[in-house]
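Only one structure is covered here, and it is reproduced in the block below.
The values are calculated or read from the model by the stated rules, or taken from the named source; none is laboratory data. This is a predicted model, so every value here is computed, not measured. Positions of Cβ are generated from backbone atoms using ideal geometry, with glycine treated the same way; all protein chains shown enter the neighbour counts. Please note that ligands, DNA and RNA were not included when accessible areas were found on the heavy atoms of the full protein model with its side chains. Shrake-Rupley method; radii C 1.70, N 1.55, O 1.52, S 1.80 Å.
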Amino acid sequence: MRLPNVFSDLEVLAAIFGAAIHDVDHPGVNNQYLINTSSDLALMYNDESVLENHHLAVAFKLLQINDCNVFIDLHKKTTQRLRRMIIEMVLATDMSKHMSLLADLKTMVETKKVTGTGVLVLDSYTDKIQVLQSLLHCADLSNPTKPLELYQKWVENIMEEFFKQGDTEREKGLDISPMCDRMTASVERSQVGFIDFVVHPLWETWADLVYPYCNDILDTIEQNRDWYQGRILLSPPPSIKNNNGGGGGQPETNDSISEHSENPNRSEESEDKLEEDDLF
């Protein structure tokens with residue numbers, strides 16, 4: 001299945017711009033933290049897709065600065081259509097919408113229509129924006145698709161961001177968010193769970209939609225997953241690491257670790273996996 005000729009130039013522009021601005025001015029904490037602390041942003045956006053709304057607002061405000069409006073030569077109605085698509089795509093990167101987005105994508109795969117030359121047929125704006133939303137969501141969750149060395153660098157940076165949020169939550173007397181407690185969280189287990197529950201199902205479905213163009217990406221995801229799985233077997237449990245200079249703390253509880261049975265081929269490879277809810 002080929003995507004060329006499926007989308008107009010304006011739709012492609014919306015996807016590129018949406019990808020570029022989808023995390024602009026990110027404060028380094030997640031939506032739930034902003035809601036739990038009654039932040040100004042959470043109050044402004046009524047606890048709904050707080051960060052995603054903020055990213056969009058900042059980006060469109062930047063366009064109002066002199067010489068910054070890259071869309072200035074577009075007609076007003078064209079600009080309105082462009083803005084609508086960008087908003088719909090960026091709001092769909094809210095992880096609380098992941099499961100519904102994935103379900104819709106699976107339905108599209110099951111009912112997809114392809115021309116004789118392999119071009120995907122999208123009959124409506126709704127179909128088109130759904131694919132574009134999924135495309136941006138895949139890109140947003142693409143770290144495990146990268147070569148292992150690059151993926152490891154992203155993991156290091158992201159986990160440190162999580163841990164800093166956990167440190168702040170501890171200081172404020174708040175419940176520490178899943179995977180944000182540097183005293184108990186297992187980086188290796190978090191990545192295996194992230195791939196098993198979120199990344200692989202999403203990219204596998206996307207690969208079905210654009211078959212055969214993402215098969216190599218699936219191979220990379222599985223190789224990276226297996227590397228982190230191997231590190232679980234080599235690394236001591238969090239409680240042992242903490243007792244050896246990690247600052248104390250308790251091991252991960254059964255609330256954040258569970259058996260994963262969705263993929264029987266992998267269930268025998270590891271004993272504990274993160275619960276899906278703990279990944280959001």
Residues of region 1-21 classified as farther than 11 Å from Leu135 by Cβ, surrounded by fewer than 17 Cβ atoms within 10 Å (Cβ to Cβ) and at pLDDT 90 or above, total: 4
Selection from region 190-199 of residues that are without any contact (Cβ under 8 Å) to a residue 60 or more places away in the chain and open to solvent by 10 Å² or more (accessible area, probe 1.4 Å): Gln191
Selection from region 32-48 of residues that are among the polar types (S, T, N, Q) and closer than 12 Å to Asp94 by Cβ: Gln32
Given (1) polar (S, T, N, Q); (2) touching a Ser or Thr at 6+ places or on another chain (Cβ under 9 Å); (3) more than 21 Å from Glu52 (Cβ to Cβ), index of the condition Ser134 fails: (3)
Candidate set: region 117-137, residues that are touching a residue at least 12 places away in the same chain (Cβ under 8 Å), of a type outside the set (A, V, I, L, M) and assigned to a loop (DSSP other than H, G, I, E, B); chosen: the one farthest from Ile221 (Cα to Cα): Thr117
Where a residue in region 90-116 is part of a helix (DSSP H, G or I) and its partner, wherever it lies, is among the basic types (Lys, Arg), with Cβ under 9 Å and at least six apart: Leu91/Lys97
Of all residues in region 164-176 being open to solvent by 50 Å² or more (accessible area, probe 1.4 Å) and of a type outside the set (Lys, Arg), the one that is nearest to the chain's Cα centre (by Cα): Ile176
Residues of region 154-182 that turn out to be assigned to a loop (DSSP other than H, G, I, E, B) and under 14 Å from Gln32 (Cβ atoms), as a count: 8
Residue check for Leu120: open to solvent by 60 Å² or more (accessible area, probe 1.4 Å), within 27 Å of Ala14 (Cα to Cα) and either touching a Lys or Arg at 6+ places or on another chain (Cβ under 6 Å) or among the hydrophobic types (A, V, I, L, M, F, W, C) (or both): no
Filtered residue count, region 74-100, keeping only those that are farther than 16 Å from Ala19 by Cβ and open to solvent by less than 20 Å² (accessible area, probe 1.4 Å): 1
Check on Phe71, over 23 Å from Asn5 (Cβ atoms), open to solvent by less than 40 Å² (accessible area, probe 1.4 Å), outside any helix (DSSP H, G or I) and of a type outside the set (S, T, N, Q): yes
Residue within region 28-39 that is assigned to a helix (DSSP H, G or I), of a type in the set (A, V, I, L, M, F, W, C) and open to solvent by less than 20 Å² (accessible area, probe 1.4 Å) present: yes
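Listed here are the residues, each with its yes/no results for (1) in contact (Cβ under 8 Å) with a residue 40 or more places away in the chain; (2) crowded, with 20+ Cβ neighbours inside 10 Å.
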residue	(1), (2)
Ala139	yes, no
Leu150	no, no
Phe162	no, yes
Pro178	yes, yes
Glu188	yes, no
Pro201	yes, no
Glu204	no, no
Total residues in region 206-236, condition open to solvent by 60 Å² or more (accessible area, probe 1.4 Å) and either touching a residue at least 60 places away in the same chain (Cβ under 8 Å) or part of a loop (DSSP other than H, G, I, E, B) (or both): 6
